[in-house]
Amino acid sequence: MVVAIALLLAKGREAGPRALTRMAIALAVMLAPQPGVGVFVMVFSVGHIGTAAPVMLTWLVLDRRPGWTRRRGRRWSTPLVVGLLLAWALMADPLVLVVAIIPLFVVVPVRLSVGSRPQLQNGSGLHAIRRAMADRWLEAALVPAAAAACLLA
């Protein structure tokens, strides 16, 4: 299951030979772990490989999200699904806090501030910040989804 989700993540939205190349590289990396300790950790120890499936499934949901269109409106179900998947993973393994939830708390504000910075330099002010936040609604909604996942777990 982990390998299948990793291949879908590696494929992204590509098709044809590019998709096959990307998937082949991901498969090679996953099937040829570091000799010695890497093989032991991946194959023989009770570790965190089961945690990887729901976390990577969360990233797959974000990668395949329908996005925003004027016809259909915003897909508010995406942050809800992300929050539920993170809560499910966090209940199984507290490592999810370190590998998924805390990075969301760090990366999302940085992406939001970087995305609105060029508009602020043009002197647009508060209106530019509101427009930038509206354009990046999904990223802004991921922080409350991750916080809700912590509370739910």
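Here, each number is a calculation from the coordinates, and none is a lab measurement. In this text the structure is predicted, and so the values were computed from the model without any measurement. Here Cβ is always computed from backbone atoms with ideal geometry, including for glycine, and neighbour counts include all displayed protein chains.
Tell me the net charge near residue 9. Cut-off is 12 Å between Cβ atoms, residue 9 excluded, with +1 for each Lys or Arg and -1 for each Asp or Glu.
+2
Apply the Karplus curve 6.51 cos²θ - 1.76 cosθ + 1.60, θ = phi - 60°, to the phi angles in the stretch 10-27 and return the couplings in whole Hz, x for Gly and Pro.
Coupling constants for the stretch 10-27: 5, 5, x, 9, 6, 9, x, x, 5, 5, 5, 5, 4, 5, 5, 5, 4, 5 Hz.
Separation between the residue 2 and residue 136 pseudo-spin-labels, each 7 Å from Cα along Cα→Cβ, expressed in nm?
Placing both labels 7 Å along Cα→Cβ, they lie 3.2 nm apart.
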